[in-house]
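Taking it in order: structure first as structure tokens, then the write-up.
The values are calculated or read from the model by the stated rules, or taken from the named source; none is laboratory data. Note that the structure is a prediction, hence the values are computed from the model and not measured. Glycine also receives a Cβ, built like all others from the backbone with ideal geometry; neighbour counts cover every protein chain displayed. Remember, those area values only see protein heavy atoms, side chains included, never the ligands or the DNA or RNA. Shrake-Rupley method; radii C 1.70, N 1.55, O 1.52, S 1.80 Å.
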Amino acid sequence: MNNLFNSFMTGPDEKGRFGKFGGRFVSETLMPLILSLEEEYERAKTDDSFWDEMNDLWTHYVGRPSPLYYANRLTEHLGGAKIYLKRDELNHTGAHKINNVLGQIILARRMGKTRIIAETGAGQHGVATATVCAKFGLKCVVYMGAHDVERQAPNVFRMRLLGAEVVAVTSGRGTLKDAMNDALRDWVTNVRDTFYCIGTVAGPHPYPAMVRDFQSIIGKEVREQLAEQEGEGRLPDTLIAAIGGGSNAMGLFYPFLDDKSVRMIGVEAGGKGVNDKMEHCASLTGGRPGVLHGNLTYLLQDDDGQILEGYSISAGLDYPGIGPEHSWLHDIGRAEYVSITDKEALEAFQLSCSTEGIIPALEPSHALAHVMKIAPDLPADHIIVMNMCGRGDKDIFTVAKYLGVEINAGG
Amino acid sequence: MTRIDAKFAALKAEGKKAFVAYIMAGDPDQAKSFEVMQGMPAAGVDVIELGVPFTDPMADGETIQLAGQRALEGGQTLQKTLDMATEFRKTDDTTPIVLMGYYNPIYNRGVEQFLVDAQAAGIDGLIVVDLPPEEDEELCIPAQAAGMNFIRLATPTTDAKRLPKVLTNASGFVYYVSITGITGAAEAQADMVAPEVNRIKASTDLPIIVGFGVKTPETTQAIAGIADGCVVGSAIVNQIAEGKPVADILSFVKSLSDGAHRA
């Protein structure tokens with residue numbers, strides 16, 4: 001037996017697998033494209049000029065590092081563990097999404113691509129992509145489920161202001177997964193000039209690894225910031241993040257995977273409860289492995305292997321799959337995955353507003369709801385770091401509706 | 001030798017091009033799609049491609065996607081699709097049947113079990129759109145070992161460097177996708193496709209069948225003329241979508257096969 005430390009950070013393998021998960025399940029037309037993307041990404045990864053450009057934009061355009069904030073009133077209120085919030089909602093465009101988009105767009109430019117396509121659910125990834133495309137003068141087309149176009153009208157308007165073409169996807173059931181299908185159809189048709197900017201740690205290899213690497217800035221900053229605030233070498237005891245596809249969680253978790261003392265909890269959207277009526281989008285808690293959108297991962301599906309629609313109050317978590325690296329971390333037990341209902345998330349939303357003066361997006365409200373569950377029973381020297389991955393401006397209409405308040409967007 | 005190999009050998013002996021036709025199993029309902037399937041050999045179809053419906057057909061255009069939705073709404077499953085083949089084989093033991101679809105319904109059943117069931121149902125080959133050569137260990141290699149053909153797609157983006165990889169483990173025939181795009185897209189141009197077919201022919205002895213954008217008797221003739229045959233899918237599915245009677249659908253299929261066989 002070897003006694004070398006068995007690292008959790010070496011994945012994926014050369015076939016794009018994390019254990020059995022991941023892979024490259026795409027049509028032949030796309031295969032050469034993802035191979036050339038992989039090649040370019042491998043080159044960029046070790047190219048200082050690539051990271052110099054990223055760091056410069058992260059600092060001056062996005063506003064990184066985002067603060068690591070000790071939430072003292074929330075800590076007092078819950079009366080247990082010490083709670084820190086990683087403030088990625090303060091990024092330009094209001095969420096963690098731009099961390100990844102910048103990386104992919106810089107790659108696209110290196111590859112000479114002139115047209116960027118993206119899928120979006122809540123619209124945060126679409127807005128981030130439209131933003132960076134505007135900054136670089138690139139043509140941008142965003143695919144968004146017709147249903148989401150309706151419930152996320154402010155983000156649709158933002159994308160259009162930023163010069164993007166927003167395509168309302170009516171095929172299938174007009175949701176995020178259908179938007180991803182249509183983005184793939186676009187890519188397969190426009191292979192020469194188009195770059196597909198995927199918004200989460202899913203899709204064919206190299207996307208899950210690449211998006212994780214771009215989002216890992218979150219965890220890297222947490223490590224440094226916590227050491228500054230709590231003393232050299234002090235690691236968080238528990239990391240908590242919300243999971244749709246899982247990019248903000250992967251970004252927070254990844255730099256700590258080999259720190260065995262650090263517990264990691266991913267929070268899925270439990271909707272109305274993880275039940276057999278599928279009124280949730282908890283792929284790990286309520287799904288099983290299958291193949292969709294280029295990767296083998298946990299999926300919500302029926303007995304025949306047909307993909308089911310998830311449900312959540314949060315449009316950003318409303319996806320029937322999850323990144324393959326999470327599926328692997330789940331199976332090997334390195335990270336834990338739980339689910340939180342709409343109702344619990346809405347309570348957390350309100351608590352964040354009233355105790356910390358932070359209006360969170362509905363996605364991190366799920367993470368916060370789990371913090372509320374576990375913090376009271378933990379000792380005062382236990383440090384929880386939760387990723388506040390997005391701000392709630394986009395969600396106020398949804399929340400108002402739930403609270404029975406009528407607000408008029410026109411003012 | 002599978003029924004596919006036998007069919008192509010026979011066509012070659014006669015100096016004829018192959019006509020391959022696609023329908024979605026269970027579209028618009030099980031009875032009607034079975035009637036169309038059963039009538040196909042008499043309408044000149046040399047190889048039947050039977051679509052397995054999937055909720056997320058990311059390489060297909062609207063026509064095939066809607067066909068899949070109609071089938072699923074009617075309760076079509078992978079098992080019912082295999083049952084169609086079993087029923088078909090009661091009266092026809094020579095026309096090759098190729099299942100075409102996406103990997104998840106197969107993965108969901110379990111590859112080993114699926115291969116046993118598919119062979120028992122008389123399936124001869126598989127086209128699984130989201131399994132490129134990089135994923136051969138998933139299904140391609142087990143399928144070949146079980147004596148089934150695994151039909152490979154080659155596309156305009158399959159360059160010279162990549163072609164050998166695509167042809168490794170290919171069997172039955174090579175399906176050349178005439179355009180970069182989805183099914184049901186713009187009409188294929190024979191003069192554009194011919195050099196590509198020749199490029200692939202130089203590297204393999206397998207028949208080259210061209211699909212995507214083939215929709216009229218004129219194009220079946222033109223495209224079959226520059227290859228070993230052609231495939232029509234969306235144009236036939238459109239007839240089904242329009243609610244045409246089975247006899248009309250089959251006479252349209254006959255006009256397409258006549259085109260290909262004239263080539």
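Between the stretch B:147-182 and the stretch B:1-62, how far is it from one alpha carbon centroid to the other, in angstrom?
18 Å
Amide H neighbours of B:MET24 under 5 Å, at least 5 residues apart or on other chains, H built in the peptide plane: list them.
HN-HN under 5 Å from B:MET24: B:GLY51.
Under a plain spin-label model, where a point goes 7 Å from the Cα along Cα-to-Cβ, how far apart in nm are A:MET111 and A:ALA168?
Going by the 7 Å Cα→Cβ label model, 3.1 nm.
Would you mind pulling out the separation of the Cα centroids of the stretch A:120-191 and the stretch A:29-68, in Å?
Each part reduced to its Cα centre gives a spacing of 22 Å.
Applying the Karplus parametrisation 6.51 cos²θ - 1.76 cosθ + 1.60 with θ = phi - 60° to the phi angles of the stretch A:86-100, what ³J(HN,Hα) value in whole Hz is obtained for each residue in order, glycine and proline being reported as x?
8, 8, 6, 6, 7, 4, 3, 6, x, 6, 6, 3, 5, 3, 6
Would you work out which of A:ILE384, A:LEU184, A:ILE240 lies farthest towards the positive end of the dipole of the protein assembly as shown? Charges go on Cβ: Lys and Arg +1, Asp and Glu -1.
The Cα lying farthest towards the positive end belongs to A:LEU184.
Taking just the C-alpha trace of chain A, give me its Rg and Dmax in Å.
Using the Cα atoms of chain A, the pair Rg, Dmax is 19.8, 69 Å.
Counting pairs of alpha carbon atoms under 8 Å apart in space and at least six apart in sequence, what relative contact order in percent does chain A give?
On the way: 878 pairs, mean separation 81.6, N = 411.
Once divided by the residue count of chain A, the mean separation gives 20 percent.
With +1 on each Lys and Arg Cβ and -1 on each Asp and Glu Cβ, how big is the dipole of the stretch A:208-306 about its Cα centre, in debye rounded to the nearest 20? Present the calculation step by step, with values, prior to reporting the outcome.
On the way: 9 positive and 15 negative charges, 10 e Å.
Magnitude of the dipole: close to 40 debye.
Does any residue of the stretch B:90-108 lose at least 10 Å² of accessible area with all protein chains in place compared with its chain alone, and if so which ones (probe 1.4 Å)?
Hits at the 10 Å² cut-off: B:TYR103, B:ASN104, B:PRO105, B:TYR107, B:ASN108.
Running a GNM on chain B with Cα contacts under 10 Å, which residue among B:THR94, B:THR183, B:THR220 ends up with the highest mean-square fluctuation?
B:THR94
Please list, in order along the stretch B:36-50, the HN-Hα scalar couplings obtained from phi with the Karplus expression 6.51 cos²θ - 1.76 cosθ + 1.60 (θ = phi - 60°), rounded to whole Hz, x for Gly and Pro.
Here the 3J(HN,Hα) series is 5, 4, 5, x, 5, x, 5, 8, x, 7, 8, 9, 9, 9, 9 Hz.
Under 19 Å from the Cα of B:LYS254, which lysines turn up, not counting those fewer than eight places away in the same chain?
Once the sequence-local lysines are set aside, what remains near B:LYS254 is B:LYS7, B:LYS16, B:LYS17, B:LYS32, B:LYS215, B:LYS244.
Tell me, for the protein assembly as shown, which Cys residues have no other cysteine's C-beta sitting closer than 4.7 Å.
Cysteines of the protein assembly as shown left without a disulfide-compatible partner: A:CYS197, A:CYS281, A:CYS353, A:CYS389, B:CYS140, B:CYS230.
Would you kindly give the portion of the calculated P(r) for the stretch B:3-262 that falls above 34 Å, as a percent of all Cα pairs? Could the numbers behind the result be given before it?
On the way: 2667 of 33670 pairs.
The answer is 8 percent, as a whole percent.
Compare the Cα positions of B:LEU72, B:TYR103, B:ALA145 along the charge dipole of chain B (+1 at Cβ of Lys, Arg; -1 at Cβ of Asp, Glu; about the Cα centre) and return the one farthest towards the positive end.
In chain B, that residue is B:ALA145.
Set the Förster radius R0 to 35 Å, insert the Cβ-Cβ distance between A:GLU76 and A:ARG334 as r into 1/(1 + (r/R0)^6), and round the FRET efficiency to 0.05.
Values: r = 32 Å, r/R0 = 0.91.
With a Förster radius of 35 Å, E is 0.65.
Once Lys and Arg get +1 and Asp and Glu get -1 on their Cβ, which of A:TYR254, A:PRO360, A:THR29 lies farthest toward the positive end of the dipole of the protein assembly as shown?
It is A:THR29.
Binning at 10 Å from 0, report for the stretch A:191-277 what percent of all alpha-carbon pair distances ends up in each bin.
16, 38, 27, 15, 4, 0
For the A and B pair, go ahead and give the buried accessible area with a 1.4 Å probe, both sides summed, in Å² to 100.
On the way: alone 16020 and 10830 Å², together 23780 Å².
The A and B chains share an interface burying roughly 3100 Å².
Could you report the stretch B:3-262's accessible area per residue, 1.4 Å probe, as an integer in Å²?
35 Å²
Please give the charge dipole size of the protein assembly as shown, origin at the Cα centre, charges +1 on K and R Cβ atoms and -1 on D and E Cβ atoms. Round to the nearest 20 debye.
On the way: 61 positive and 87 negative charges, 161 e Å.
Rounded to the nearest 20 debye, it is 780 debye.
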